[in-house]
Every structure is written in C-alpha cells, then in structure tokens.
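Since every read-out is calculated from the coordinates, none of them should be taken as a lab result. Since the structure is predicted, the reported quantities are computational estimates derived from the model, not experimental observations. Cβ placement follows ideal geometry from the backbone for every residue including glycine, while neighbour counts extend to all protein chains displayed.
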Amino acid sequence: MEGNQYLEMFIDESTEHLQAVNDNLLKLENDPSDTIIVDEIFRSAHTLKGMAATMGFDDLASLTHQMENVLDGIRNDRITAGSDLMDVVFQSVDDLEAMVTDIASGGEGKRDVQEIVARLEAIEKGEQPAAQAEKPHEARSSDAGSAMELDDFELTVLRQSSEQGFRAFAVRVELSKDVILKAARVYMVFEVFEQLGEVIKAEPSVEELEDENFELDFQVILITKESAEDIEGKVNKVSEVHAVEVEAMEAVSSQRPEPADSGTEIPEKEERNSAMPEETSAPPVPDSPAAAEKLPEQKEEKTAPASKTIRVNIDRLDSLMNLFEELVIDRGRLEQISKEMENSELTETVEHMSRISGDLQSIILNMRMVPVEQVFNRFPRMVRGLAKELNKKVNLDIIGAETELDRTVIDEIGDPLVHLLRNSIDHGLEMPEERRAAGKEEKGNITLRAYHSGNHVFIEVSDDGAGINRDKVLKKAISSGVVTEENGASLTDKQVYELLFSSGLSTADEISDISGRGVGLDVVKNKIESLGGNAAVDSTPGQGTRFSIQLPLTLSIISVMLVEVQEEIYAVPLSSIIETAIIKKEDIMAAHNQKVIDFRGSVVPLIDMTDFFDVPRVKEEDEYYSIVIVRKGEKMAALVVNSFIGQQEIVLKSLGDYLQQVFAVSGATILGNGQVALIIDCNALIK
C-alpha cells in the first residue's frame, strides 16, 4: 500500500512520541541518573525513527537516529546528561517537530539538519570514557574472518534469536565499480534484507551508507531463517551488485551475558510497513535501511489488554455534531407542534425523544471534549527555554491538566496562555539575586491550573514574583489617557490591576522581546471574550500575581434567553446576563446624552434594542420597560426589549462569509417554528 494512506496516522503518532520525548527530557534533566526515563525516551525516538524511515522521511529518520545514539550513550553511562548536552537534544527535538509540522502542512519534511547532527556526533565521540575503559565484546564469523564488534545488547539479540530458531550471518556486499547512485543500490539491498529477516548492525553506519560515505563494499549482520545460499542468491539479483559473501556467525564474549529466562520472548516489532511470512519473521530489531540500531532493553512480553479506544478524525466528529444540531432544531419544532395539537400520544412520544436526544447531546459533547493537557504539554519546554534566556530559575507546576474543554475552545486558548506565561516569567518573577534579597528561594514558581466550575472551565496562571505595582500602573494609565486622574484616585486595587487589559497600556521600563507586563493583554482579553469567556487579574505586592480565565465548556450549543424586540426574536447568551427586570419610564435618567438607569447603586447605560437594530416599530411604548442586564467584565448595560420569551438551548450557527462584519451579532439559530433568531454579542455591544 502507498505510504500516503498512513500519513495521518504517522502525523498523529509522531506528535505523540515527540511530546513524550519532550516531557521525559525535562524529567531527565532534573534526574540524570534515572535510566528508566532514558529508556522511555529511547523507545519513543526509536519508534519515531522507524516510522519516518518507513514513510520515506529521510531527514527525520537521520536526525532521530543520531539523537538515539546520544541517548544510548547516556543509557550506558558513556555520556553525562548535562545542561549543555540537553540543550542540543532539545534543539534536535525542535527540528523534529518542525519537520513533522511541515509534513502535516503538506510538505516533504525536508530540513537542513547537518549542523545539529554534527553536534550530536561530536557529543557521541567526545565523551566515551566507559567505551575506552572497557573493551566491547566481539562477534566473529565461524571461519574467524573479519570481526564486527557488538555490544551486550546486540549479543543478547543474537542469543535470543538463536533460541527461537533464527540464524545470524555476516553478509559482505560489494558494488560494481561503475555503480551510479550508490545510496540507491544500498537501499535496494536493505529492502532485500528486510524481506529475509532483520539487520542488527551495519558497517559503515547507515548514515554513512545513505550519504555514500564508503567505497564499494559494506557489511551487515543479518538475523534470518533463510539459508546462506538463499541470501546470496537474492542479494545478487540487485543490479550493480558485484559480489556477495555470506558467513554464518556465533556470538563469543569475554564476559558472556547471563542466559535469558526460558520464558523470555522477543516482542513484536512496533512499526512494520508490511506483513512478513511466518517462516521469515524475525526478532525485534529496527526496520528499514535505518535499521542498524539498537532497541531498548528487551523485557518479558506480556499480553496487552484489548484496546478500548479508537482514533476518530475530527472532521467526522464535526459532521456528527452538525447532524445533531439539525436534530436539536427539529426537536424544538416537534415540541411546539405537540403543544399546539394537544395530542397526548404525540406529546408523550416527543417528551421521550427529547430525553433521548438530551442523552445523545451529552455523549456527543463529551466525545468532542479533550483535556487541556494537549495545550499545557508544550509549556514546560517553553518555560525552560525562556528561563535560560533570561538567566532566571523557574519551576512550572501544572495542576488539572486532565480538565476537559470542547475542541473548538482548546484550539483558541493556546496563544493567550503563552502570552500570560511569558509575562509571568519576564516581568512577574524577579532575578535570582532579587529573590534572595527579598528572602525568597532563587527559583521562582509559576502555577498553571485548570478546573471545572458549573458550565465553565477556569484556567489560572499565577506566579510568586514581586506582584503588580499599583502606583506604577495607575500613573501609566493616567498618562496614556485610559483613566482621568480624578477617576483613578477612587479606583480599588483590583480595578487598577484590571487596567492592564486596556489597549496599549504597558508598565515595562524597557521594551522586551519576550513580553512586557500589559503589552498585548488587551489582545488576550479580547480573544477570551470572543470565546464567550472573560479574563481577570489580581495581585499582592511582594507575593505574586494571578491571571484568571473563565471559559464556556462548549461553543456549539449554548443556553440563551429569548427576547422579543417588536415582532422579531433575539437570543441573549445566559453567560452574559446578570438578571432581568421591569422598570418604570420615570426610572430612566440622562447622563452625557445617554439614557441610564440606577442598578443597585451603579449607573448603567440603557440601550433600546429597537433603535439599536433599527427594527420597525409596530408596538406602542408602554409605561413599563422590560430590560436585560448584561455584563462584560466589570462593565454593564441594560437592554430594552418588549418581552421575555424564556430560556432555551439553541444551536449556534455562523452567519457565513458574507455577513462576517455584522456588529453585535455573533451568529444565528433556527427556532422550533422555523424562524431565524439572531444571537446578540453582548461583549461587542458593551464595547
């Protein structure tokens, strides 16, 4: 089958493996002696390399292979996992992520990795005290011909393979003198090897073979159930192969590894691009031309429990959601018809269908929910990099990563959180010497926390830094024209801190490439409010700052209050409503050419929805006004409507490309009677 049939699976699994590598590298940096973590990283890197080689992404496979070599050195105590080395490995992961991203965008995953590969090679060659102090074991051919050195792991693979009926051969292949494209011929030879069994070592290395950094001959150790004659015959069929020498091998060692338990089995290989006939199936060693590498330590195979999860393309979930939204609309229509007809059997059936569709709605919404961990996972690496860049010591605690949000919301919150974290690191936390002088630990703490509360999810970014300087913020706000000096004097501390979300307000003494406290926070607030949420900030001088984001669980189906404006129906999201009320005409006052009312001691502007949306007046004004009090953060407004219809769950539909710029309207919905109702965007309305 063609590789592009598996491209989507490759992208998904590569992303997961890279995230696992990132997470475990951070753990390894904190505890370099933990070999279990190294093994986990090695497994992820090895699997990624095998998949990349199978799919034909050579740059990806090449870099992963070299990173694998360094990890192997760490695992065998030949290399120390210091900070400088980790920087190089992290840079390698960045390059790998960039290549996977390019592949996901339709590219070929090409990238110039020569420099980073050279750095990894230098690390591998420059720190090998263990390898020099202790001579590696050797595996020789039965005729005592030329020797290929093998380590303990490779010898173990040979021994276990022998126990399972496989044989090991040293195969020397010589190409013709007039060969063209040596690397292509090598690839074809390795394809034959893959059909015969498994390659566990190659000399020269696979990278050197792929780069044509060899003369005309190379050697491999092949594990197979085929005979020497079959191997020689099949390799000779590759054009431009001049000669093939095949010798049976047996492993010898000055210090033999202890025999494996009789019950030990070699697990099946994780990534194989095609099924291999049973008689030629081989033990688990790397696949493809990039196959001459070692696998993690083999463990006794256990029967894995049956998987209870499947991968579902998000487009299918979107389609399912769209179909269900249509069902919700029809449900509303049926409910209205049953009320009009007053037929008991119809009413009973519709009520049952409503209960079933309600359960179905919960299931579908839960299917679309994904943990915020998908967003949070990328932050530890970012925090580490920024801390090193700013010469600060930072500890990031993540709490509640399992908290779930609708995928549409998850896709949008990454950038706002990045900005808040960069703010906390750059201007929230002090330099180590400043923290010492203040009696704090050198390492600053940033906490990223997510939790559910009702129909909302809260995400908090807090630090234990110096806090926000009230006087500095207020002075800057007055000089920027955000508030007047008179109004500023009466503001509480929290209200002053909220000024940081004002457009263009910055308290940074110097412009920073990282961030500045206040720079862009208006963008953060606008993004969160566009998702139907809100953002807030609080701070205690000398103790730290906390940014809090409130988000709805989902954006597809929302609860609204249906109101009537003349003969038109509008929907006001319940998340924006404080309360509804009825006021007398004489309660309305005027201030600065604006109608206002006194709402619980606050002056609230009055907006007549008939005039605002230019709805034709067909009803006479009454002595009493029906109003809906809505809010945006600390700001409020009173919307004048003709009557309240009631609360209802509605399906949020986009107005389409032609009506994107309609002011104060976030979308539309279809009611049970087939009528279209516009959904009011209270955030834009108050703004």
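Let me know the shape class of the range 372-552, please: from the alpha-carbon gyration tensor, a ≥ b ≥ c as square roots of the eigenvalues, rounded when a/c is under 1.5, otherwise prolate if a/b is greater than b/c, or oblate.
Since a/c reaches 1.5 but b/c is at least a/b, the shape of the range 372-552 is classed as oblate.
Determine, for each peptide in 486-498, 99-111, the mean count of other beta carbons within 10 angstrom over its residues, then list the peptides with the highest first.
99-111, 486-498
Below 14 Å, Cα to Cα, which aspartates and glutamates can K443 reach? Residues fewer than 8 away in the same chain don't count.
Within the straight-line limit of under 14 Å, K443 reaches these aspartates and glutamates: D397, D426, E430, E433, E434, D463, D464.
Amide H to amide H, which residues 5 or more places from I578 or on other chains are under 5 Å from it, using H placed in the peptide plane?
Placed amide hydrogens put I629, V630, R631 under 5 Å from I578.
Roughly how big is the range 333-450's charge dipole about its Cα centre, with Cβ charges of +1 (Lys, Arg) and -1 (Asp, Glu), in debye to the nearest 20?
Approximately 1000 debye in magnitude.
Apply the Karplus curve 6.51 cos²θ - 1.76 cosθ + 1.60, θ = phi - 60°, to the phi angles in the range 564-573 and return the couplings in whole Hz, x for Gly and Pro.
Karplus values, whole Hz, x for Gly and Pro: 10, 10, 6, 10, 9, 10, 10, 10, 10, x.
In sequence order, what are the phi-derived ³J(HN,Hα) couplings for the range 157-174 according to the Karplus relation 6.51 cos²θ - 1.76 cosθ + 1.60 with θ = phi - 60°, rounded to whole Hz, with x for glycine and proline?
Result, rounded to whole Hz: 4, 4, 5, 5, 5, 4, 5, 9, x, 8, 10, 10, 10, 8, 10, 10, 10, 10.
Whole-Hz Karplus ³J(HN,Hα) for the range 14-26, in order, using 6.51 cos²θ - 1.76 cosθ + 1.60 and θ = phi - 60°, x for Gly and Pro?
5, 4, 5, 5, 5, 5, 5, 4, 4, 4, 6, 5, 5
Quick one: which residues, 5+ away or cross-chain, put their amide H under 5 Å from the amide H of N642? H built at 1.01 Å from N.
The list, which skips near neighbours in sequence, is E564, V565, Q566.
Would you please classify the overall shape of the range 350-418 from the alpha carbon gyration tensor, given that a ≥ b ≥ c denote the square roots of the eigenvalues, rounded means a/c under 1.5, and beyond that prolate means a/b larger than b/c while oblate covers the rest?
Here the range 350-418 falls in the prolate category.
Lys and Arg at +1, Asp and Glu at -1: add these up for the other residues within a Cβ distance under 14 Å of E433 and post the number.
+2
Kindly identify the range 557-686 as rounded, prolate or oblate by the Cα gyration tensor criterion: order the square roots of the eigenvalues as a ≥ b ≥ c, call it rounded if a/c is under 1.5, otherwise compare a/b with b/c, prolate if a/b is larger, else oblate.
Because a/c hits 1.5 or more and a/b exceeds b/c, the range 557-686 counts as prolate.
Could you sort out which of K393/K494; K125/K225; K440/K476; K393/K527; K595/K619 sit more than 24 Å apart by Cα distance in this structure?
Pairs exceeding the cut-off: K393/K494; K125/K225; K440/K476; K393/K527.
Counting only residues 5 or more places away or on other chains, whose amide H sits under 5 Å from the amide H of I399 once H atoms are built in the peptide plane?
The list, which skips near neighbours in sequence, is L448, R449, A450.
If one puts a single equal scatterer on every Cα of the range 3-132 and applies the Debye formula without solvent, what log₁₀ I(q)/I(0) results at q = 0.10, 0.16, 0.17 Å⁻¹?
-0.29, -0.73, -0.82
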